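Colleague: Quick one: structure below, then a few questions.
The values are calculated or read from the model by the stated rules, or taken from the named source; none is laboratory data. This one's a predicted model, so the numbers in the text were calculated from it and none came from an experiment. Cβ: placed from backbone, ideal geometry, glycine included. Neighbour counts: every protein chain shown.
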Amino acid sequence: MKRLQDSSASYFVLDLRDNLGGLVQAGIEVAKLFLDKGDTVIYKVGKDPKYQNTIVAETVPLVTAPLIVLVNNKTASSSEIVATALHNNCRAVLVGEKTFGKVLIQSVFELNDGSGVVVTVGKYVTPKFLRIPNGIEPDYQRIPDWDEVAKHLLQCHTRRNGSSQVSTASFPVR
């Protein structure tokens, strides 16, 4: 990806359609690849303190080019964490359909008879402090023109930073 960016790639497409999630930690690590150091990936919220913390990116991003993230109704769990982290931090636009809406922290507890029970012990909250039990609405249903993506992300940065003094170097207009 770095070589592609160095060869003038304007943006990247991350396809999370039909991705039901998998390991949450893997999703968190994928999001961190594209976020600036210090950007919030997700908040963990639960009654037990061990399920309460803020997860942030610790390094500079692998690439700085914007992302178009493709989502649909089968984008769930850790895939939604990736999508919201990139979207809420103004790194990506979301394109497609509303996502599934599963961002619960669940643990399996073993019972005396050897069986187990899955218990929800917390939930993930987006960097904008939103809970998404009903899914995430995309910005667009179809991939927009590049100029529209650049404009959308520039407006996001302006709202986030409270000023219009945002470098457009990351959002080249073709």
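Colleague: Do you know which residues across the stretch 91-126 are of a type in the set (A, V, I, L, M) and surrounded by 22 or more Cβ atoms within 10 Å (Cβ to Cβ)?
Modeller: Answer for the stretch 91-126, where residues must be of a type in the set (A, V, I, L, M) and surrounded by 22 or more Cβ atoms within 10 Å (Cβ to Cβ): A92, V93, L94, V103.
Colleague: Please go through the stretch 20-41 and pick out each residue that is under 14 Å from the mean Cα position of the chain (by Cα), within 26 Å of A150 (Cβ to Cβ) and of a type outside the set (D, E).
Modeller: Hits for the stretch 20-41 are V30, A31, K32, L33, F34, L35, T40, V41.
Colleague: Quick check: anything in the stretch 13-24 in contact with a Gly (Cβ under 8 Å, 6 or more places away or on another chain) and surrounded by 18 or more Cβ atoms within 10 Å (Cβ to Cβ)?
Modeller: Within the stretch 13-24 (the criterion being in contact with a Gly (Cβ under 8 Å, 6 or more places away or on another chain) and surrounded by 18 or more Cβ atoms within 10 Å (Cβ to Cβ)), the answer is yes, since at least one residue qualifies.
Colleague: Among the residues of the stretch 111-149, how many are part of a strand (DSSP E or B), of a type outside the set (V, I, T) and modelled with pLDDT of 95 or more?
Modeller: 2
Colleague: Another question, then. Is there any pair linking a residue in the stretch 33-56 that is closer than 25 Å to H157 by Cα to one that is hydroxyl-bearing (S, T, Y) and part of a loop (DSSP other than H, G, I, E, B), with Cβ under 8 Å and at least six apart or on different chains, and which?
Modeller: K37/T59; I42/T126; Y43/T126
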